[in-house]
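The values are calculated or read from the model by the stated rules, or taken from the named source; none is laboratory data. Because the structure is a prediction, the values reported are computed rather than measured. All Cβ positions, glycine included, derive from the backbone under ideal geometry; neighbour counts span all protein chains shown.
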Ligand SMILES: Cc1cc2nc3c(=O)[nH]c(=O)nc-3n(C[C@H](O)[C@H](O)[C@H](O)COP(=O)(O)OP(=O)(O)OC[C@H]3O[C@@H](n4cnc5c(N)ncnc54)[C@H](O)[C@@H]3O)c2cc1C
């Protein structure tokens, strides 16, 4: 009943008491009181504005590729961002895309148009919005090298703002938007790529990245890298050196292929997953003196500290 008003918003698909697991890459997470899929930017804005005005907790997810959602789920509204319009200019290299555009197909479309610069994103799961917030990156590239500006909605005063890249204060998997949930909604991003490159050459670079990933990273349900790499070292190397590669708790396992990945073997829970994260962090600290910092974010009630 509480969420009935959302049913009047066009292009919004609403489900109450909906398991969040199916909207996350780790396939983990209990129910949201309500979950709304926004099929365009207008629906995204209206859903967030409604929640803000009704003083209901809300969170927006793109691909759910960087979030661990608790087994208890989320008390409030989860908005899944499916806004997917984009425009590529193959003459200038300018790309304008909605924040819900999935990064992998966007990267492929850019390459096909001869636009160089987004090849690194070819196998990074999730949406443009998530990548802008987290400064996603791989293979030596990242959002900070592509983004020109982002259009944001500030839910505090309902103003639409254009943030030039400098305002993001990008760092390694960091932006000024991180930790600002329930305040800023990323609506659109503008990227500048290099035009007039050979699509076949670009595709072959991207295929090389995909092949490398297949060799070095596990398939299956995971959140990618759990921890940030500490300066001058690799989280995966430290975890492996601590003897934890392949270590399993319940239905989740430190990947035997890449120790900075934790895989849900199919019957895992978010509490197993987070328990294993804490165990790994503590063990690495005891064995190496390095306290690893989480790359992923936690969402929902009931995580033990
Ligand atoms: C197998 C695997 C491999 C991975 N490899 C890499 C890699 O190589 N490099 C890398 O950087 N990451 C990697 N990741 C992590 C993940 O792909 C990135 O962090 C990605 O950018 C997350 O995007 P998303 O849309 O899924 O964000 P989500 O997980 O849905 O959200 C992440 C955060 O961003 C916020 N957010 C999302 N959309 C918006 C929006 N429109 N407005 C405001 N806030 C928003 C969410 O509220 C949340 O706080 C990997 C993950 C997996 C599962």
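Within region 175-185, the set of residues being more than 8 Å from the ligand (Cβ to nearest atom) and touching a helix residue (DSSP H, G or I) at 6+ places or on another chain (Cβ under 8 Å) comprises 175, 176, 182.
If the condition is being within 13 Å of the ligand (Cβ to nearest atom), surrounded by 14 or more Cβ atoms within 10 Å (Cβ to Cβ) and in contact (Cβ under 8 Å) with a residue 40 or more places away in the chain, then region 144-173 contributes 146, 147, 150, 153, 155, 173.
A count restricted to region 56-75 and to residues that are assigned to a loop (DSSP other than H, G, I, E, B) and closer than 19 Å to residue 178 by Cα stands at 6.
Identification of strands (runs of 3 or more DSSP E) wholly contained in region 197-305 with 3 or more residues that are at pLDDT 95 or above and closer than 22 Å to residue 173 by Cβ yields 262-264, 297-299. If I filter region 90-97 for residues that are touching a helix residue (DSSP H, G or I) at 6+ places or on another chain (Cβ under 8 Å), under 30 Å from residue 226 (Cβ atoms), more than 10 Å from the ligand (Cβ to nearest atom) and not assigned by TED's automatic domain parsing to the domain that holds residue 137, do I get at least one hit? No, region 90-97 contains no residue that is touching a helix residue (DSSP H, G or I) at 6+ places or on another chain (Cβ under 8 Å), under 30 Å from residue 226 (Cβ atoms), more than 10 Å from the ligand (Cβ to nearest atom) and not assigned by TED's automatic domain parsing to the domain that holds residue 137.
Figure legend. Inter-residue proximity from region 209-227: first residues closer than 17 Å to residue 119 by Cβ, second residues near the ligand (Cβ under 9 Å from one of its atoms), beta-carbon distance below 6 Å, spacing 6+ or different chains. Indicated pairs: 209/139; 210/123; 213/123.
Would region 280-293 turn up any residue that is within 16 Å of the ligand (Cβ to nearest atom), more than 30 Å from residue 109 (Cβ to Cβ) and exposed (fewer than 14 other Cβ atoms within 10 Å of the Cβ)? Yes. Go through region 44-64 residue by residue and tally those that are at positive phi and within 20 Å of the chain's Cα centre (by Cα). Going through region 44-64 one residue at a time, the tally reaches 1. Kindly indicate which of 244, 276 is more than 14 Å from the ligand (Cβ to nearest atom), surrounded by 15 or more Cβ atoms within 10 Å (Cβ to Cβ) and under 30 Å from residue 75 (Cβ atoms). Selected residue: 276, the only one of 244, 276 that is more than 14 Å from the ligand (Cβ to nearest atom), surrounded by 15 or more Cβ atoms within 10 Å (Cβ to Cβ) and under 30 Å from residue 75 (Cβ atoms).
A count restricted to region 24-43 and to residues that are under 17 Å from the mean Cα position of the chain (by Cα) and in a loop (DSSP other than H, G, I, E, B) stands at 6.
Taken over region 98-130, the criterion of being touching a strand residue (DSSP E or B) at 6+ places or on another chain (Cβ under 6 Å), within 8 Å of the ligand (Cβ to nearest atom) and in a loop (DSSP other than H, G, I, E, B) is satisfied by 99, 100, 124.
Kindly establish whether residue 12 is in contact with a strand residue (DSSP E or B) (Cβ under 7 Å, 6 or more places away or on another chain) and either in the same structural domain as residue 226 (by TED's automatic domain parsing) or without any contact (Cβ under 8 Å) to a residue 40 or more places away in the chain (or both). Even if it seems obvious, please write down each step before you answer.
Numbers: in contact with a strand residue (DSSP E or B) (Cβ under 7 Å, 6 or more places away or on another chain): yes; either in the same structural domain as residue 226 (by TED's automatic domain parsing) or without any contact (Cβ under 8 Å) to a residue 40 or more places away in the chain (or both): yes.
Spelling it out, residue 12 is indeed in contact with a strand residue (DSSP E or B) (Cβ under 7 Å, 6 or more places away or on another chain) and either in the same structural domain as residue 226 (by TED's automatic domain parsing) or without any contact (Cβ under 8 Å) to a residue 40 or more places away in the chain (or both).
The requirement of being assigned to a strand (DSSP E or B), surrounded by fewer than 21 Cβ atoms within 10 Å (Cβ to Cβ) and outside the structural domain of residue 287 (by TED's automatic domain parsing) is satisfied by residue 190.
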